Amino acid sequence: MFDEKVHVMDHPLVAHKLTIMRDKNTSVKDFRELVSEIGMLITYEATRDLPLTTKPIETPICPMEAPTLAGKKVAVVPILRAGLGLVDGVLRMVPSARVGHIGMYRDEKTLEPHVYFCKLPKDIASRDVMIVDPMLATGGSAAAAIDEMKRRGCKNIKLVVLVAAPEGIRCIRTQHPDVDIYCGAVDERLNDNGYIVPGLGDAGDRIFGTK
Ligand code: PRP
Ligand code: URA
């Protein structure tokens, strides 16, 4: 359905956890925990290409040249506010990652997304960047966040989402063909209000209990 830059998690644990999240009766506490857990599982996939080197160690049995991460520098950048829910899961997998924040609002008339807040590690341009957000709907927010990261010199950018609409994937593939997209599931479509169907509702409200 999509090309090799779109990585859809094909894993029973992700499918099972997403089903619980989709259920409208799931509590805020459970929803928040599941965002973090799936974030961890998708990070496992999104870091598959991290380079390894080796170092000499001694096991209780013998010396060996053992694999170790080559020290690639990673930054995770949540799109405020719902993206915050994924940070903890990424950091559990990549504890040395730095964290940047990017805030986006939509112009009420034009619906264009605008960056209202952006605080990033100083050396962001030299880091591998994982932009995280539970929902990729029209793709407007993620595309604007990627624009901003590129404006600041980032070259290696990945987008990590829990649920994507085909419309959002097409938007990112068109505007940012260099960016790999990692998602827990691809749903059917968007409804007239820009919500993903079947989706899981407003991710920010469900993570923070604001509705
Ligand atoms: C949600 C979601 C994404 C965006 C996706 O955030 O977390 O950032 O919508 O929609 P798009 O692909 O059409 O841009 P929202 O604007 O609801 O803000 P919130 O995180 O504060 O809830
Ligand atoms: N933002 C959300 O939180 N949910 C959707 O389905 C679409 C955009």
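Remarks
- Test for GLY153: is it open to solvent by less than 60 Å² (accessible area, probe 1.4 Å) and either at pLDDT below 95 or assigned to a helix (DSSP H, G or I) (or both): no
- Of all residues in the stretch 34-56, exactly one satisfies the criterion of being open to solvent by 30 Å² or more (accessible area, probe 1.4 Å) and in contact with a Gly (Cβ under 6 Å, 6 or more places away or on another chain), namely MET40.
- Residue in the stretch 32-53 that is in a helix (DSSP H, G or I), free of Cβ contacts under 8 Å to residues at least 12 places away in the same chain and over 15 Å from the mean Cα position of the chain (by Cα) present: yes
- Selection status of MET130, buried (at least 23 other Cβ atoms within 10 Å of the Cβ), more than 13 Å from ligand 1 (Cβ to nearest atom) and either acidic (Asp, Glu) or part of a helix (DSSP H, G or I) (or both): no
- CYS154 passes every criterion in (1) within 15 Å of ligand 2 (Cβ to nearest atom); (2) farther than 23 Å from LEU34 by Cα apart from (1).
- Scanning the stretch 159-211 for residues that are near ligand 2 (Cβ under 9 Å from one of its atoms), buried (at least 20 other Cβ atoms within 10 Å of the Cβ) and assigned to a strand (DSSP E or B) yields VAL163, ILE196.
- Any pair with Cβ under 6 angstrom, 6 or more apart, that starts in the stretch 195-211 at a residue that is within 18 Å of GLY103 (Cα to Cα) and ends at one that is more than 9 Å from ligand 1 (Cβ to nearest atom) and open to solvent by 80 Å² or more (accessible area, probe 1.4 Å): ASP205/LYS211; ILE207/ARG32
- Count of residues meeting criterion [farther than 11 Å from VAL74 by Cβ and not in a loop (DSSP other than H, G, I, E, B)] in the stretch 84-123: 20
- Qualifying residue in the stretch 140-149 (condition: out of contact with any strand residue (DSSP E or B) (no Cβ under 7 Å at 6 or more places or on another chain) and part of a helix (DSSP H, G or I)): yes
- Test: residue in the stretch 17-25 that is closer than 14 Å to VAL163 by Cα and at pLDDT below 95: no
- Yes/no for ARG98 being surrounded by 11 or more Cβ atoms within 10 Å (Cβ to Cβ) and not hydrophobic (A, V, I, L, M, F, W, C): yes
The values are calculated or read from the model by the stated rules, or taken from the named source; none is laboratory data. The structure presented is a predicted model; accordingly, all values stated were derived computationally and were not measured. Virtual Cβ from ideal backbone geometry, glycine too; neighbours counted across all protein chains shown. Note: accessible area is taken over every heavy atom of the protein model, side chains too, but ligands, DNA and RNA are not part of it. Shrake-Rupley method; radii C 1.70, N 1.55, O 1.52, S 1.80 Å.
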